[in-house]
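The values are calculated or read from the model by the stated rules, or taken from the named source; none is laboratory data. The shown structure was predicted, so the numbers you read here are calculated from the model rather than taken from an experiment. For neighbour counting, all protein chains shown are included, and Cβ atoms are generated from backbone atoms with ideal geometry for every residue, glycine included.
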Amino acid sequence: MLRRPEQFESPSCATVGGDFWFPEKDASKYENQFAKTICASCIHKNECAEWGIQKENFGIWGGLTDMDRRHIRRKRGIRVNQEEDVA
């Protein structure tokens, strides 16, 4: 069973505020990379990424953008509520 991210003990993202966790569709690669860098050193990266794959349509979760997660979902045959059908 997946834990909710708010149950993680001392996640790296909790030390950094900012809107970059939920970037606009036209966000630069640099903006996304900043969030991914923070995720890279987090002890919850894999668990958070899996949460995002299973539950989240928006934002960066475990270093994965919404596009990254859509690609993984297609491969695994996972569908998230209200997920856009974007190729």
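Inside region 56-75, can you point out the residues that are farther than 20 Å from I38 by Cβ and at pLDDT below 95?
N57
Give me a count of the residues in region 51-76 that are assigned to a helix (DSSP H, G or I) and surrounded by 18 or more Cβ atoms within 10 Å (Cβ to Cβ).
7
Picking from S12, S28, S41, which residue would you name as being in contact with a Cys (Cβ under 9 Å, 6 or more places away or on another chain) and of a type in the set (S, T, N, Q)?
Answer to the check: S12.
Does region 13-42 hold any residues that are outside any helix (DSSP H, G or I) and touching a residue at least 24 places away in the same chain (Cβ under 8 Å), and which are they?
F22, P23, S41, C42
On the given criteria, is D19 among the acidic types (D, E) and surrounded by 17 or more Cβ atoms within 10 Å (Cβ to Cβ)?
Taking the combined requirement at face value, the residue does not satisfy it.
Looking only at residues that are surrounded by 18 or more Cβ atoms within 10 Å (Cβ to Cβ) and among the hydrophobic types (A, V, I, L, M, F, W, C) in region 35-50, which one is nearest to D66 (Cα to Cα)?
Residue satisfying both the conditions and the ranking: A49.
When both residues are 6+ apart or on different chains and their Cβ atoms are under 9 Å apart, which pairs have a first residue that lies in region 45-59 and is touching a residue at least 12 places away in the same chain (Cβ under 8 Å) and farther than 12 Å from F8 by Cβ, and a second that is of a type in the set (D, E) and outside any helix (DSSP H, G or I)?
From region 45-59, the pairs are N57/E83; N57/E84.
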